[in-house]
Every structure is written in C-alpha cells, then in structure tokens.
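Just below is one structure, and these are the notes that go with it.
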Amino acid sequence: MLHLRLSHDAPQEVLRAAIEALNAGKVVAYPTETFYGLGVRYDNADALKRLYDLKDRPAHKPFPLIIGHLHQLDALATGITALHRQLMSNHWPGPLTILFDTASGLSPYIAGVNNKVAIRLPGESFALELARTAVFAITATSANLSGMPPPSRASQVSAYFGSGIDVLIDGGTTSGGLPSTLVDVADETVNVIRQGKVSV
C-alpha cells in the first residue's frame, strides 16, 4: 500500500499519484469534508466489483459518487429538474448527496435496483480537489467495512483494510460528526432519506 501524507508530500504530487492509481483500476482511500472515503473510477467494472467485495457491501446498496464539475452530470444523470438545480446552487460544494435518475449504461454497482444514482460535489477538502483534477466521477463510499463506524483518521482506514487498499491519502483527522445529507427529489418535493450535515 502506498501511504501519502498531505502534511509532508506536495499536494500536486499526491493528486497525481491518486489519479494515476484510479486510472489503473486501483482503490484509493482519501479524506472528505466528513470522513474518509474509498474511491475507484465510476466506469471501471473490475474496480467496482473489487470495492464491493472489499467492503463486504450488501448487494442492494449502490455506491455514491463525487464529481468536481457540474457538466459531469450529463454522463451520469437524467431528468434534472429546476428543484435539483436549486439544491445544487444552494448546497454544492458541500455535504449534500442528491439522488438522480441514472443515465443509461451505468454499472449496477452505482445505479442499483431503483435506477437512481447518488451524487455530490463535495465541500472544501482533498476530495473536492481530487474530483476537480480527475474530471471523472469517483466513488465516495465511506472507508469502513459495512456496518462499522466510518473513519475520521487514516489509521482507522488501515485497521479496517490493511493492504486491501492500494493508496491511502493521509489528511489527518477529518471533521467527522454527521455524514452528508441524502435527499431524493420526486414530484417537486425534497425527501430526506438520511439527515446529515446539511439541513434542507
């Protein structure tokens, strides 16, 4: 496992190494504005399967995604309404995850049985810089085994997975607390699926 520390290594070098790993189909653990997350490319089927197995994730729970630019939604989601755009304008970048109808061709590891994809443009954090620099969507599932507490320190990520991950970006202790808020938009109504850091 490659262990990179943001406090010691140059940020641009860390970003470069993380993106090279993602492009090579590897699993990268990285700090977000809430907890540590696990990332693979959204369009790499083998990497998505590996991540599912690594987390021992239930089959009915697809992975959420982070993006760095709004135009990336065009390849991921359909049926984007004025209410979706209002939520994005008010709360992105930030810890608000929004469910959208999926675009065609997305992996079932992302779309799930309901054909919904969960996306956020993260708040100020390494995750945001990673997503902006990569210009492709990245999974943002918490860096824990399914059913275990999400980690706010790199040492906790190592304790969960050890050499099961390929790159660990150590950004110190994250803010922790509540995760991102998860909402669905249907019939011009915002339905809160999981209450988190953002109040909608």
Regarding Leu106, is this residue in contact with a Lys or Arg (Cβ under 6 Å, 6 or more places away or on another chain), hydrophobic (A, V, I, L, M, F, W, C), closer than 18 Å to Leu70 by Cα and not in a helix (DSSP H, G or I)? no
If you take the residues in region 4-18 that are closer than 18 Å to Ile165 by Cα and either under 19 Å from the mean Cα position of the chain (by Cα) or surrounded by 14 or more Cβ atoms within 10 Å (Cβ to Cβ) (or both), which one is modelled with the lowest pLDDT? Leu6
What number goes with the only condition from (1) surrounded by 21 or more Cβ atoms within 10 Å (Cβ to Cβ); (2) closer than 23 Å to Gln12 by Cα that Thr102 does not pass? (2)
Out of Leu22, Leu51, Leu2, report the one residue that is aliphatic (A, V, I, L, M), touching a residue at least 40 places away in the same chain (Cβ under 8 Å) and more than 19 Å from Gly171 (Cβ to Cβ). Leu51
For Glu124: the one exception among (1) surrounded by fewer than 19 Cβ atoms within 10 Å (Cβ to Cβ); (2) under 28 Å from Pro11 (Cα atoms); (3) at pLDDT 95 or above: (3)
Of those in region 159-184 that are over 23 Å from Ala118 (Cβ atoms) and free of Cβ contacts under 8 Å to residues at least 60 places away in the same chain, the residue farthest from the chain's Cα centre (by Cα) is Ala159
Within region 159-172, how many residues turn out to be assigned to a helix (DSSP H, G or I), of a type in the set (Gly, Ala, Ser) and in contact with a helix residue (DSSP H, G or I) (Cβ under 8 Å, 6 or more places away or on another chain)? 1
Scanning region 173-200 for residues that are touching a helix residue (DSSP H, G or I) at 6+ places or on another chain (Cβ under 8 Å) and not in a strand (DSSP E or B) gives Glu188, Val198, Val200
Those strands (runs of 3 or more DSSP E) lying entirely in region 1-94 with at least 2 residues of a type outside the set (Gly, Ala, Ser) and out of contact with any Phe, Trp or Tyr (no Cβ under 9 Å at 6 or more places or on another chain): 2-5
Surrounded by fewer than 24 Cβ atoms within 10 Å (Cβ to Cβ), aliphatic (A, V, I, L, M) and at pLDDT below 95: does that describe Ala59? yes
Would you point out which residue out of Ala131, Ala154 is of a type in the set (A, V, I, L, M), buried (at least 16 other Cβ atoms within 10 Å of the Cβ) and in contact with a Gly (Cβ under 6 Å, 6 or more places away or on another chain)? Ala131
Only one residue in Ile66, Ile80 is within 17 Å of Ala137 (Cβ to Cβ) and touching a Lys or Arg at 6+ places or on another chain (Cβ under 7 Å). Which one? Ile66
The residue that is nearest to Pro149 (Cα to Cα), considering only those in region 20-46 that are more than 14 Å from the chain's Cα centre (by Cα) and buried (at least 18 other Cβ atoms within 10 Å of the Cβ), is Lys26
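The values are calculated or read from the model by the stated rules, or taken from the named source; none is laboratory data. These figures come from a predicted structure and were not determined experimentally. Here the Cβ is made from the backbone with ideal geometry for all residues, glycine too, and neighbour counts use every protein chain on show.
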